1. What ³J(HN,Hα) values, in whole Hz, does the Karplus curve 6.51 cos²θ - 1.76 cosθ + 1.60 give for segment 263-273 when θ = phi - 60°, with x put for Gly and Pro?
2. Using the Karplus equation 6.51 cos²θ - 1.76 cosθ + 1.60 (θ = phi - 60°), what ³J(HN,Hα) coupling, rounded to whole Hz, does each residue of segment 182-192 give in order, writing x for Gly and Pro?
3. Explain nothing, just compute: Karplus ³J(HN,Hα) = 6.51 cos²θ - 1.76 cosθ + 1.60, θ = phi - 60°, for every residue of segment 303-320 in order, whole Hz, x for Gly and Pro.
4. What ranking do 45-51, 337-343 get when scored by the average of other Cβ atoms within 10 Å per residue, highest first?
5. Ranked from highest to lowest mean number of other Cβ atoms within 10 Å per residue, what is the order of the peptides 218-228, 344-354?
6. Per residue and in cubic angstrom, what volume does the convex hull of the Cα atoms of segment 77-166 have?
7. Answer rounded, prolate or oblate for segment 351-400, using the Cα gyration tensor with square roots of eigenvalues a ≥ b ≥ c: rounded when a/c is under 1.5, else prolate when a/b is larger than b/c, else oblate.
8. Would you please give the residues with an amide H less than 5 Å from that of residue 163, counting only those at least 5 places away or on a separate chain, with H modeled from the backbone geometry?
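The values are calculated or read from the model by the stated rules, or taken from the named source; none is laboratory data. All of these numbers come straight from a predicted model, not from anything done at the bench. Because the Cβ atoms are built from the backbone with ideal geometry, glycine has one as well, and the counts that use them run over all protein chains shown. Side chains are part of the model used for accessible areas, which takes the heavy atoms of the whole protein and leaves out ligands, DNA and RNA. Shrake-Rupley method; radii C 1.70, N 1.55, O 1.52, S 1.80 Å.
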Amino acid sequence: MSGQTAQKPATQVAVLQSTPLKSTVEGEGWKARPIKLKIFGNLIQEVVNKNLCMYCGACIASCPIDILFHSEKEEPVMRGTCAACQVCYYSCPRIELPLAEIEQQVFGRARTAEEAILGIHVGAYSVKAKDPDVVKQAQDGGAVTSLLLYALDRKIIDYAVNSGLTSGKPWRPEPQIARTKEDLLNHAGSRYTPGGQVGGLAEVAIPNRSVVNFQEERIALVGLPCELQGSWRMGTHWIAAPKLARNLVFTVGLFCSKVFDYQKMMVDYVQGKRGIDLKNVTKVNIKRNRLLVYTGDKLAIDEPVEALAGAAREECNVCVDYSAELADIAVGAIGSSPGWSTVITRSPRGDEILRGAVESGYLDMKPLDPVGKGIKFLEKLCEKKRLRDPSAYLRHETAFPKPEPTLVPLEIPH
């Protein structure tokens with residue numbers, strides 16, 4: 001009736017859980033919203049501004065509305081309006097990295113006492129590429145290029161996300177996609193400046209950037225230890241973006257002591273101080289604590305790597321992973337003879353792929369002596385990097401445990 005207020009039903013819903021629930025797009029049930037939102041601005045404040053950002057690219061790849069991008073400053077930038085979804089924040093391995101939990105999810109077990117230094121592994125080998133094109137173009141023994149070529153040829157993967165070079169900035173790395181031998185050869189060789197490698201997954205996951213059918217094709221990812229930390233943090237935390245690892249067949253990790261700022265290393269030092277046009281540089285290597293820069297076949301720079309001390313990125317001071325402990329296959333030069341690569345297989349799948357590449361004629365392989373000088377030197381470098389302080393992110397203060405849904409009893413009106 002006009003002028004009268006309708007009476008509300010006397011029956012009320014009994015709410016037993018104070019935290020509001022929301023459904024997920026992946027159909028994983030219900031998730032509780034954290035009480036305090038953590039968005040991209042918090043990531044800038046807590047990670048980038050504190051010189052903890054390794055520029056792994058996990059936040060770039062995980063952004064569901066595609067507003068985070070790579071930048072020339074080697075840090076993520078936002079171009080658009082944040083949706084406050086928190087995904088980028090909880091994808092960052094420098095917010096929190098519960099290694100034991102991640103290793104359990106990645107490898108299905110904890111490391112043993114014998115694996116305390118090198119991490120979980122199946123075997124350790126010295127390998128060398130057999131394809132002359134790979135030997136000519138790749139670094140050291142050409143293990144990474146050969147493994148990816150084998151996986152592509154045998155249809156184990158449809159493409160690899162690895163590091164290539166930009167066209168406009170000589171020797172500035174960026175994530176690129178390889179689907180052919182030619183692609184792999186073009187991307188071969190080491191870079192010593194960060195390129196936001198994990199951000200390359202955005203190129204295959206986000207519709208307006210995609211160059212492949214993400215729903216159907218299978219991926220291999222190549223990255224530094226910190227980049228693989230970002231990939232697995234993004235793929236295991238329940239507020240992050242696990243769907244980006246859905247088609248990930250295997251990962252290849254690269255041994256790493258530290259990386260350098262592109263502007264300070266390549267532009268200011270190599271080109272500026274040493275007068276070498278970056279367009280003429282054909283290869284860069286850091287070996288036995290020496291910086292080696294080639295122009296054509298000529299060795300143009302051969303000097304102690306300490307010359308680049310001022311170019312080292314500050315965030316490396318908190319990283320304790322030298323041997324890519326979260327990779328299926330870890331690769332580096334330390335521990336093997338010149339012209340060979342050291343390969344540590346960490347998962348049964350990684351070991352199977354390596355052995356398949358050897359049996360198919362892509363690689364020569366010999367086991368590393370478990371008590372030999374090579375392994376001992378590698379362990380020494382791993383232990384040396386462990387002396388750094390990872391307390392900024394090896395903690396659990398920011399972790400919201402995934403809640404179990406609670407059924408709320410309802411009083412049905414009669």
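1. Once θ is set to phi - 60°, the couplings for segment 263-273 become 4, 6, 7, 7, 7, 6, 8, 4, 7, x, 6 Hz.
2. 4, 4, 4, 5, 5, 9, 5, x, 9, 10, 10
3. 7, x, 5, 4, 4, 9, 3, x, 9, 5, 7, 5, 5, 5, 5, 10, 8, 10
4. Values: 45-51: 15.6, 337-343: 20.0.
The most tightly packed comes first, giving 337-343, 45-51.
5. Working: 218-228: 26.1, 344-354: 21.5.
Averaged packing, sorted descending, gives the order 218-228, 344-354.
6. Details: hull volume 18.9 nm³, N = 90.
Looking at segment 77-166, the number lands at 210 Å³ per residue.
7. Numbers: a/c = 4.79, a/b = 1.73, b/c = 2.77.
Oblate is the answer for segment 351-400, as a/c is 1.5 or above yet b/c matches or exceeds a/b.
8. Residues meeting the criterion, in which the H sits 1.01 Å from N, are 176.
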